[in-house]
Amino acid sequence: MEIFKYLEKYDYEQVVFCQDQQSGLKAIIAIHDTTLGPALGGTRMWTYASEEAAIEDALRLAKGMTYKNAAAGLNLGGGKTVIIGDPRKDKNEAMFRAFGRYVQGLNGRYITAEDVGTTVADMDLIHEETDFVTGISPAFGSSGNPSPVTAFGVYRGMKAAAKEAFGSDSLEGRVVAVQGVGNVAYTLCQYLHEEGAQLIVTDINKEAVNRAVEAFGALAVDPDEIYGVECDIYAPCALGATINDETIPQLKAKVIAGSANNQLKDTRHGDIIHEMGIVYAPDYVINAGGVINVADELYGYNQERAMKKVEQLYTTIETVIEISKRDGIPTYVAADRMAEERIARIRNSRSQFLQNGHHILSHRISR
Ligand SMILES: NC(=O)C1=CN([C@@H]2O[C@H](COP(=O)(O)OP(=O)(O)OC[C@H]3O[C@@H](n4cnc5c(N)ncnc54)[C@H](O)[C@@H]3O)[C@@H](O)[C@H]2O)C=CC1
Ligand SMILES: CC(C)CC(=O)C(=O)O
């Protein structure tokens, strides 16, 4: 990978490589754009096939956070971290503390939180070294685990997408195929089950599947089978790039609405599903509940206020669908436009200089 070429192409601001031999920390912090504010995005811990794959994931996820935060109306830029390692075997206290010191070194340009493979307990360790971390234990006045709130947002967005596809936002009797029943999807399944949806689930982790089968009477299928099952809605809630050349021909769903980041392998896959008449709720719009929730901590966390904002993801998905229909463009393009227009507006409005607290000529004062 020619990294600077890539950074230039998508206009990344900064990439930080963090290494701590003693604890085994190998992390990449990617900061995409801080026009709207400090970059906020979670820390993923995953066993990557190569260092290049880890760098690529960090970069793609960071850019997604820029768009997510912009589309959600947050005054935050986009960034993300990946830690290379197996979250079940390679974690240790020193690792997260070392990582916390790297975050502190960025002095607020980047604020972290949970993502796949990291937990509230990990965030608490990071918090030992820096304040620039959210999603820590509620005992600290924090919002805690963002996953259930992400799930609520996905549920709300799914209803809005269903209304477009089926003429009603009721999910009663709808068949929803859920890929990956981890932190977010388990709570999503709870909402869907309570509304009377039928669930088909899959996961590479058998325990996760069994939990959903027992709790919600879900039908379990093998990971490769989920794309082709007869269903109304496909909810990708595992990792990214599952909407691709191999899976699209198998899809029977009329709606795609799930929590996973970077669901489209390539933008052209968004064009293909649009032409097929599938209502696609863009990933970074529908899965913004978690970041909306943790971002509320920056104002002094208020759960009621945060949940009201997350509930509004229904309207945001409606707006994206309206723009898509009005302009005859796929929903992922409509969402990108919404985010890019907001960033451009703020970037332009910053053309007037405003002194920001540090007297710019202070160094001239004679001592
Ligand atoms: N946790 C949150 O608040 C947010 C999560 N997301 C995204 O939502 C997705 C899920 O996140 P979490 O629930 O937190 O992660 P998680 O790690 O708790 O759940 C993911 C599940 O997917 C399963 N999985 C992985 N590969 C699979 C495959 N090929 N087929 C079937 N199952 C597979 C895993 O075994 C795991 O149970 C991720 O893409 C994450 O980036 C996005 C926004 C916020
Ligand atoms: C609070 C986090 C879950 C934010 C994030 O990394 C995401 O939305 O993907």
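The values are calculated or read from the model by the stated rules, or taken from the named source; none is laboratory data. Just so we're clear, the structure is a prediction, and the values are computed from it rather than from any experiment. For neighbour counting, all protein chains shown are included, and Cβ atoms are generated from backbone atoms with ideal geometry for every residue, glycine included. Accessible surface areas use protein heavy atoms only, side chains included; no ligands, DNA or RNA. Shrake-Rupley method; radii C 1.70, N 1.55, O 1.52, S 1.80 Å.
Going through Val184, Val175 one at a time, which residue ends up being within 16 Å of ligand 2 (Cβ to nearest atom) and under 23 Å from Tyr227 (Cβ atoms)?
Result: Val184 is the single residue among Val184, Val175 that is within 16 Å of ligand 2 (Cβ to nearest atom) and under 23 Å from Tyr227 (Cβ atoms).
If you take the residues in the range 109-141 that are open to solvent by 20 Å² or more (accessible area, probe 1.4 Å) and closer than 18 Å to His32 by Cβ, which one is nearest to the chain's Cα centre (by Cα)? Ranking the qualifying residues of the range 109-141, first place goes to Asp115.
Residue check: Pro223 meets all listed conditions (1) surrounded by 23 or more Cβ atoms within 10 Å (Cβ to Cβ); (2) near ligand 1 (Cβ under 10 Å from one of its atoms) but one, namely (1). Of all the numbered requirements in (1) surrounded by 17 or more Cβ atoms within 10 Å (Cβ to Cβ); (2) touching a residue at least 60 places away in the same chain (Cβ under 8 Å); (3) away from ligand 2 (no atom under 16 Å from the Cβ), Val310 misses one, and that requirement is (3). Of all the numbered requirements in (1) modelled with pLDDT under 95; (2) in a loop (DSSP other than H, G, I, E, B); (3) not small (Gly, Ala, Ser), Tyr6 misses one, and that requirement is (2). Just one of the listed residues (Val320, Val294, Val279, Val310) is at pLDDT 95 or above, touching a strand residue (DSSP E or B) at 6+ places or on another chain (Cβ under 6 Å) and among the aliphatic types (A, V, I, L, M), and it is Val279. Residues in the range 73-84: is at least one open to solvent by 10 Å² or more (accessible area, probe 1.4 Å) and within 15 Å of ligand 1 (Cβ to nearest atom)? Yes: one or more hits. Report those helices (runs of 4 or more DSSP H) wholly inside the range 186-291 carrying at least 2 residues which are over 22 Å from Pro148 (Cβ atoms). Filter on the range 186-291 gives 267-275. Candidates Glu172, Glu195: the one that is out of contact with any Gly (no Cβ under 9 Å at 6 or more places or on another chain), on the phi < 0 side of the Ramachandran plot and open to solvent by 20 Å² or more (accessible area, probe 1.4 Å) is Glu195.
Sub-6 Å Cβ pairs linking a first residue in the range 196-216 that is among the aliphatic types (A, V, I, L, M) to a second residue that is open to solvent by 100 Å² or more (accessible area, probe 1.4 Å) and modelled with pLDDT of 95 or more, at least 6 apart or interchain, are Ile200/Leu219, ordered by first then second residue.
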